[in-house]
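Worksheet: the structure to be examined is printed underneath.
The values are calculated or read from the model by the stated rules, or taken from the named source; none is laboratory data. Keep in mind it's a predicted model, so treat the numbers as computed, not measured. Every residue, glycine among them, receives a Cβ derived from its backbone with ideal geometry; neighbour counts consider all protein chains shown. Heads up: the accessible areas ignore ligands, DNA and RNA and are worked out on the full protein's heavy atoms, side chains in. Shrake-Rupley method; radii C 1.70, N 1.55, O 1.52, S 1.80 Å.
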Amino acid sequence: MRPAEGQAWHDRSVRKDEGAATTSAELRAHNLARLLRAVHDGGGQLTRAQLTRQLSLARGTATVLVRDLAGRQLIEELSSPAGTPAGLKAPRTRGRPTGVPSAHPRGPVALAIDLRDDSFTMAAFELTGRCTVLDRQEREAVSGTGMLADVATRLKGHRRQFGDRVIGVGVAVPSPVSAGQMVQPTLPDWQDVEVAGILGADDGDEGLAGLVLAGNDATLAGLAEARRGVLRGVPVALHLHVATGIGGVLLSGGVPVPGAHGSAGEFGHMPLTGGSEPCRCGSVGCWELDAGARGLLRAVGQPEEGDRMVRAEQVIAAAATDPGCGQTVERVAEALGRGIGALVNAQDPEAVGLSGLAAEVYQAAPGAVQAGYLATLMRFRRPEPPALLPSTLGDLGALTGASELVFDAFLTARGLGRWPAPEEKTA
Ligand SMILES: [Zn+2]
């Protein structure tokens, strides 16, 4: 399997497949992709009858398509839904029971990596979104190059384990990504590194050339919420992911609005709280100086280096018992809310997802976040402010988003065309 290089949700060619069917073979390929996409989006919880209705297919057509997908080991029809993935409700069945198209035991696998400056996690995602964590490594945040070499070795091992079932590798990286490169990473030796090129370097049969897609971690956390989390079904949504800094994404119809170079959503580097101090990014008065991990640590007089996230979480955890920490968290929560209000004024979303520290700060001090939020919202928005929705995906947000990047490239007529027939498979 060798998807074209750089194919991703921000690549318009991926979605060009849709609506372009002219011959009956193309129409069939188009419908197979639609059906498989619907199985994926529904988390393997929808019956064949429900999928048939959702896609407005004739019952006979759906039966033939399901048989075809099953014959190609893309799905397996079960008599009842397999375990319900996080964030999805099991469906209520109406009328005559039909089978439930689900992940095939030899079906497609998206490998996903959540790369951070002090750790990485690898996981395998089945078609229906079921996730198995394969590897979790904590490391000293010293050598980005060393960490990437370690990731590459382990990745090749997992690629061998799943063989031809691997449809791609999604990588969430802690940097804005522009033209595939980490343009402002947290580790100096990651500057301008093209992660997809390094991890995809081809060295034989287990090579991953052309299979690796990278995206910004906060953008992918938002993509995950739109597909599997609190922003599912929200037509226009804003997502904010707070870690050391603050990133996020605007999503329209579940698809990120990536900007001209793929690096939109650096909301932490906007002067939303009125400061004027210089920021590490090169700008001044950035929001992340007052909100997020940096804001928290600055406010309690701790250094902004080292294990920032751990210490920021300790401050939040101590807020209920330590008045000093409590005041700090309130102040940061208010700054978070003020920034959110400004962004809602600008972007007009229907809901705002919060993940990472944003969810933790919101849960610790919801009143302060709401106060800041309402203070900066324009008057006409205040009677019905867009809901603030803390993530339910926890640590799996960026990983899940990385897997969605891979599935978005695969679940098209063109992507499925590269899936090997059962007799051609090596694993
Ligand atoms: Zn900045």
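Of note:
- GluC sites (Glu not before Pro) lying in DSSP loop within the range 120-175, provided at most 11 other Cβ fall within 10 Å: Glu140
- To put it simply, the accessible area of the range 184-289 at a 1.4 Å probe is 54 percent carbon and sulfur.
- Summarising the label geometry, the points placed 7 Å from Cα in the beta-carbon direction at Thr61 and Glu194 lie 4.1 nm from one another.
- When each of the peptides 112-121, 53-62, 256-265 is scored by the mean number of other C-beta atoms lying within 10 Å of its residues, the order from highest to lowest reads 112-121, 256-265, 53-62.
- Viscosity 0.890 mPa s, temperature 25 °C, Stokes-Einstein D of the chain from Kirkwood C-alpha radius, µm²/s: 110
- Taking every C-alpha pair closer than 8 Å and separated by at least 6 residues, the mean separation divided by the residue count of the range 120-264 gives a relative contact order of 17 percent.
- Linear extension gain, Arg379 paired with Thr392, 0.36 nm per residue minus alpha-carbon span: 1.7 nm
- Normalised by the number of residues in the chain, the average gap of Cα pairs under 8 Å and 6 or more apart makes the relative contact order 18 percent.
- For peptides 240-251, 320-331, 294-305, 361-372, sequence by mean Cβ density within 10 Å, most packed first: 240-251, 361-372, 294-305, 320-331
- Mean Cα-pair separation over length for the range 293-427, i.e. relative contact order, pairs under 8 Å, 6 or more apart, %: 22
- For the peptides 167-176, 385-394, 277-286, residues were scored by their other Cβ atoms within 10 Å and the scores averaged per peptide; the highest-first order is 167-176, 385-394, 277-286.
- Averaging the Cα positions of each part gives two centres, and for the range 250-292 and the range 378-401 these lie 16 Å apart.
- Over the range 291-427, accessible surface divided per residue gives 42 Å², non-protein components excluded, 1.4 Å probe.
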